[in-house]
1. Determine whether segment 376-390 contains at least one residue that is free of Cβ contacts under 8 Å to residues at least 24 places away in the same chain and in a loop (DSSP other than H, G, I, E, B).
2. Tell me, yes or no, whether segment 95-117 has at least one residue that is surrounded by fewer than 14 Cβ atoms within 10 Å (Cβ to Cβ), at positive phi and not basic (Lys, Arg).
3. Give the residue, chosen from Ser326, Ser355, that is closer than 18 Å to Pro199 by Cβ and part of a helix (DSSP H, G or I).
4. If we keep just the residues of segment 255-281 that are in a helix (DSSP H, G or I) and over 25 Å from Thr380 (Cα atoms), which is nearest to the chain's Cα centre (by Cα)?
5. Kindly indicate whether Thr294 is more than 20 Å from Tyr204 (Cβ to Cβ) and touching a strand residue (DSSP E or B) at 6+ places or on another chain (Cβ under 9 Å).
6. Which pairs have Cβ atoms under 6 Å, sit 6 or more apart or on different chains, and link a residue in segment 145-161 that is without any contact (Cβ under 8 Å) to a residue 60 or more places away in the chain to one that is part of a strand (DSSP E or B)?
7. Report, ordered by the first and then the second residue, all pairs with beta carbons closer than 9 Å, sequence separation of six or more or different chains, a first member in segment 306-330 that is polar (S, T, N, Q), and a second member that is part of a loop (DSSP other than H, G, I, E, B).
8. Picking from Gly391, Gly414, Gly386, which residue would you name as being at positive phi and either at pLDDT 95 or above or crowded, with 19+ Cβ neighbours inside 10 Å (or both)?
Amino acid sequence: MSGGMLYGGDEIGALVFDPGHHSLRVGYAQEDTPKAEIPAVVGVAPDETIKLEPEVKPEESNVSSTPQNKYYIDTTFLHTPRPNMELHSYMKDGMIENWDMFEKILDYSYDKIIQSESQYHPVLFSESPWNHRQKREQLTEIMFEKYKVPAFFLVKNAALAAFANGRATALVIDSGATHTSAVPVLDGYVISNALVKSPLGGDYLILRAREMLEQIGIDLTPSALIASKDVVRDKDKPKFTKKKLSFQPSNSWMTYMVKKTVQDFQQSVLQVSESPYDERIVSNIPSVHYEFPTGYHQDFSSERFKLAEGLFDHAMLGAGYIAATSAGMCDVDIRPALYSSVVLTGGNSLVQGFSERLNRDLSLRTPSSARLKMIAANGTVERRFGAWVGGSILASIGTFQQMWMSMQEYQESGKSQIDRKCP
């Protein structure tokens, strides 16, 4: 008897987890959006609250020898400066790297977001198309052994993004925080030998924007450190009061908060021009006004196009180039199907003008006989959470229920079974 049938019907909802470098999306299958989006960093600070029991003599107690850490998860806790709090990401190259940190996030998800015991919910996880076998097995083991989930399944995030857009076959262009990838999906399966990725994503844009803002001398003090600010005229020096802290926030915290500040600027201001960057053309486009947390504000015109151009102007790394390369590595018979379903997903693809420019660059590189069709969901939710939405759809389909890897199968055949069940 298959594991899924035991939980079939509507009694209990499957959960969908979609980890990425920017955040982890988590929620119930069948819903339109994740219940929560948790930043993919964990704050670690020494726990100052440990008190020795009065009757324990210090030399008998081993508390003093092993400093206990306290973990801070989710936006509210991360954005508050704390003494000696260091921020760590548990992701590396699209894969889970630090398992202890990741388990802290899972614990938090079950306690605070799902608010239900893990053994009641089958779990579907998204994974990057290049995830290692050993990492897949480790995740399977953690979910069954520690969280005692009744059933588990792993799906490549590109296949899920294709499902979310109503396609089983598609060329999925996923532009996230740390990289942009072109992944061909055929009948729900990733063609992994035709996968192409480039290290240009949202973080690269943030880095370039930060360099530019610092060069023109803009103070990027994050709002969490600002007590009050005055209204100033356009381009005037900001007048603000910093919060008085008794300690110096850690470098990793400052870097993260400045990155958040620049990210807001990037999302509000940056735009990709429809054709390759040309100073004369873009200078005629209206500028955009932006105010920083310090109260400083000014107009940005051509520079906002110049920065965003970085995602496309690299000969070998531009989004159009990797998309065409990936399609070209596939069998000639399936290329028409891929060209006619180019699915755009990932938070970084929401930079204004991204899809139009990708469409133009790709159409220049596709054979004239091919019908090129870009599928880019208009809503920011669908684009940012594409893989999660696909997982939500998949885990709630009746025919999928016999696909789950059940606890029983895990106990009989072990974690290596995941490679057979979830190719």
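The values are calculated or read from the model by the stated rules, or taken from the named source; none is laboratory data. In this text, all values refer to a predicted model and were calculated from it rather than measured experimentally. A quick note on method: Cβ atoms are made from the backbone with ideal geometry, for glycine too, and the neighbour counts reach across all protein chains shown.
1. Yes.
2. Among the residues of segment 95-117, at least one is surrounded by fewer than 14 Cβ atoms within 10 Å (Cβ to Cβ), at positive phi and not basic (Lys, Arg), which makes the answer yes.
3. Just one listed residue meets the conditions, Ser326.
4. Here the answer is Thr255.
5. Working: more than 20 Å from Tyr204 (Cβ to Cβ): yes; touching a strand residue (DSSP E or B) at 6+ places or on another chain (Cβ under 9 Å): yes.
Yes; evaluated as a whole, the condition is true for this residue.
6. Lys156/Val190
7. Pairs found: Thr325/Met316; Ser326/Ile191; Ser326/Leu195.
8. Values: Gly391 fails: at positive phi; Gly386 fails: at positive phi.
Result: Gly414 is the single residue among Gly391, Gly414, Gly386 that is at positive phi and either at pLDDT 95 or above or crowded, with 19+ Cβ neighbours inside 10 Å (or both).
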